[in-house]
Amino acid sequence: MISSFQVLASLPGGSAADGAGPVITEEARGVFLVRGASANWVIVKEPDGPAFTLIDSGYPGDHPLLLESFERLGLKPADCAALLVTHGHVDHIGGAAKLSEEHGIPVWCHEAEVANLVGPRREQLTFGQVAGKLLQRKVRRWLRMVIRLDALKPLSVTPARTFTDGEGLDVPGRPTVLLCPGHTSGSVAFLLDSSDGRVLISGDTLVSDHELLSGPVQAQLLPLFFSHDHDGIRRSFDLLNAQPVDLILPGHGPALRPTTAS
């Protein structure tokens with residue numbers, strides 16, 4: 001069990017915001033964390049073939065970095081079995097429509113998350129909510145960044161299929177769905193077993209860092225104004241903390257490995 005107060009040791013950091021393209025690290029055999037300008041996506045390769053699973057797809061403005069991450073790993077979009085969505089916020093579905101329309105990649109999400117993918121109304125932070133926080137310099141910096149990443153442009157994604165809590169998905173990595181309502185109604189995490197241990201892909205229910213957080217890199221919540229249901233996100237965070245895992249790949253920030261509690 002991972003305590004929410006336990007210090008976690010982070011793995012090598014960096015992000016595409018540093019100006020050197022996407023930062024790609026193989027955190028477990030065949031499991032790659034890719035850090036875009038702010039948000040992360042995960043690529044899980046089939047060990048004995050070209051097929052792979054993509055989990056999340058960054059901001060719309062991350063799309064060139066997304067394609068670059070495929071190329072650098074020797075992957076082709078046509079070999080992507082599915083794009084699995086942790087939740088329907090713009091920083092996690094930004095590349096989904098193009099991947100679906102231009103490359104035929106099927107997009108899958110939880111059945112309770114369809115409305116957040118299709119839009120136009122989403123359980124997402126509004127500009128009006130941000131306006132009241134613009135006196136904070138870090139909020140202004142963050143807002144300039146997300147505008148540059150095309151976060152305010154209209155976006156709609158139609159999922160090819162939906163999944164349910166506890167379902168094992170027949171795609172590379174064979175992830176199991178863990179419903180984590182709170183950030184959005186249909187937010188999920190994914191659990192998968194690799195040869196290097198059990199991996200939790202946590203989306204935004206548990207992150208390690210973000211532009212609007214301060215303090216150490218560790219397992220933590222995003223600022224609560226990002227979430228639809230504040231009590232729900234706390235319960236789901238506790239649910240993820242109770243998972244016995246060897247590696248956490250969050251929606252924002254570097255990967256984490258739980259340390260041994262003293």
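How large is the dipole of the range 80-221 about the Cα centre if only Lys and Arg carry +1 and Asp and Glu carry -1, each at its Cβ, rounded to the nearest 20 debye?
Taking the Cα centre of the range 80-221 as origin, the dipole is about 860 debye.
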Practice item. Compute the convex hull volume of the Cα atoms of the range 51-137, divide it by the residue count, and report the result per residue in Å³ as a whole number. Key: 109 Å³
Practice item. Can you tell me the relative contact order of the range 130-262? Whole percent, Cα pairs under 8 Å, sequence separation 6 or more. Key: 21 percent
Revision key, fill the gap. Of the candidates Ala97, Pro47, Asn116, the farthest towards the positive dipole end of the range 16-143 (Lys/Arg Cβ +1, Asp/Glu Cβ -1, centred on the Cα centre) is Asn116
Exercise for review: Using a 1.4 angstrom probe on the protein heavy atoms only, line up Arg234, Arg35, Arg122 by accessible area, largest first.
Suggested key: Arg234, Arg122, Arg35
Check your understanding: Can you pull the Kirkwood radius for the range 91-230, inverse mean 1/r over Cα pairs, to one decimal in Å?
Key -> 16.7 Å
Check your understanding: Among rounded, prolate and oblate, which fits the range 203-242 when a ≥ b ≥ c are the square roots of the eigenvalues of its C-alpha gyration tensor, a/c under 1.5 means rounded, and a/b larger than b/c means prolate?
Key -> oblate
Review point. Between the range 220-252 and the range 138-176, what is the C-alpha centre distance in whole Å?
Key: 16 Å
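I'd like the carbon and sulfur percentage of the solvent accessible area for the chain, probe radius 1.4 Å, heavy atoms only, ligands and nucleic acids excluded. Please list the in-between numbers first.
On the way: 5870 of 11270 Å².
The nonpolar share, carbon plus sulfur, comes to 52 percent.
With a 1.4 Å probe and all protein chains in place, put Arg257, Arg137 in order of accessible area, largest first.
Details: Arg257 85, Arg137 165 Å².
The ranking, largest first, comes out as Arg137, Arg257.
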Exercise for review: Give the cross-link partners of Lys138 among the aspartates and glutamates, using a straight C-alpha distance below 15 Å as the criterion and excluding same-chain residues fewer than 8 apart.
Suggested key: Asp209, Glu211
Exercise for review: In debye, nearest 20, what is the charge dipole magnitude of the range 52-116 about its Cα centre with +1 on Lys and Arg Cβ and -1 on Asp and Glu Cβ, if you could check?
Suggested key: 120 debye
Practice item. Compute the whole-percent fraction of alpha carbon pairs in the chain spaced more than 28 Å apart. Key: 26 percent
Revision key, fill the gap. Averaged per residue, the 1.4 Å probe accessible area of the chain, protein heavy atoms only, in Å², is roughly 43 Å²
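Given the rule -39500 (n - 2.57) for each run of at least 4 DSSP H residues, summed and divided by the residues of the chain, what is its mean residue ellipticity at 222 nm, to the nearest 500 deg cm²/dmol?
-5500 deg cm²/dmol
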Check your understanding: Sorting Glu26, Glu71 by accessible area (1.4 Å probe), largest first, what list results?
Key -> Glu71, Glu26
Revision key, fill the gap. As straight-line cross-link partners of Lys133, the qualifying lysines (C-alpha separation under 26 Å, not fewer than 8 residues apart within one chain) are Lys153
Check your understanding: Using unit Cβ charges (K, R positive; D, E negative) and no other charged atoms, how large, in debye to the nearest 20, is the dipole of the chain about its Cα centre?
Key -> 940 debye
Check your understanding: Remind me, relative contact order of the range 46-158 in percent, using alpha carbon pairs under 8 angstrom and six or more residues apart?
Key -> 29 percent
Review point. How much space per residue, in cubic angstrom, does the convex hull of the C-alpha atoms of the range 180-231 take up?
Key: 85 Å³
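The values are calculated or read from the model by the stated rules, or taken from the named source; none is laboratory data. Note that the structure is a prediction, hence the values are computed from the model and not measured. Note that each Cβ is placed from the backbone with ideal geometry, even for glycine, and that neighbours are counted across all protein chains shown. SASA here: full protein model, heavy atoms, side chains in, ligands and nucleic acids out. Shrake-Rupley method; radii C 1.70, N 1.55, O 1.52, S 1.80 Å.
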